[in-house]
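Structure record follows, encoded as structure tokens.
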Amino acid sequence: MRNLFQETHASFKNFHRALCARFGYVHDERDWQRDQVSLEEHIAGQVDQLRQALSDCCTSLEGEMLQKYHGQKPEDMHPVTRRDYDLDMAEIDGFKALIKETQ
């Protein structure tokens, strides 16, 4: 039983070390167990930054689409132009859905 505990403990410590390396966080060899909440907050902060960057990118793309179509309303567009517009906006809507999924 003691060997199982030691193996599990070592395995989890290696997992913690790998997470730290993956997310650019310093692994504290001595107090790594106490540091788990800080690591979790660090990872969550990175996810929040990525979500915000994607949101900013969507906003920028939307603005570019309005410029591309000269501010024309979709209902006033020629059918071919409207098809292109709908394809462009569908891609942006996909990104917006991805942002909502990660919240």
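Using the structure shown, decide if Gly71 is of a type in the set (Gly, Ala, Ser) and over 30 Å from His9 (Cβ atoms).
Answer is yes for this residue.
When both residues are 6+ apart or on different chains and their Cβ atoms are under 9 Å apart, which pairs have a first residue that lies in region 64-81 and is within 18 Å of Ile92 (Cα to Cα), and a second that is in a loop (DSSP other than H, G, I, E, B)?
Filtered contacts from region 64-81: Leu66/Gln72; Tyr69/Met77; Thr81/Tyr69; Thr81/Gln72.
How many residues does region 18-50 contain that are in a helix (DSSP H, G or I) and surrounded by 14 or more Cβ atoms within 10 Å (Cβ to Cβ)?
Residues that pass the stated criteria total 5.
Assess whether Met65 counts as being at pLDDT 90 or above, closer than 26 Å to Ala97 by Cα and either touching a Phe, Trp or Tyr at 6+ places or on another chain (Cβ under 7 Å) or surrounded by 13 or more Cβ atoms within 10 Å (Cβ to Cβ) (or both).
no
The values are calculated or read from the model by the stated rules, or taken from the named source; none is laboratory data. Just so we're clear, the structure is a prediction, and the values are computed from it rather than from any experiment. Using ideal geometry, Cβ is built from the backbone for each residue, glycine included, and neighbour counts are taken over all protein chains shown.
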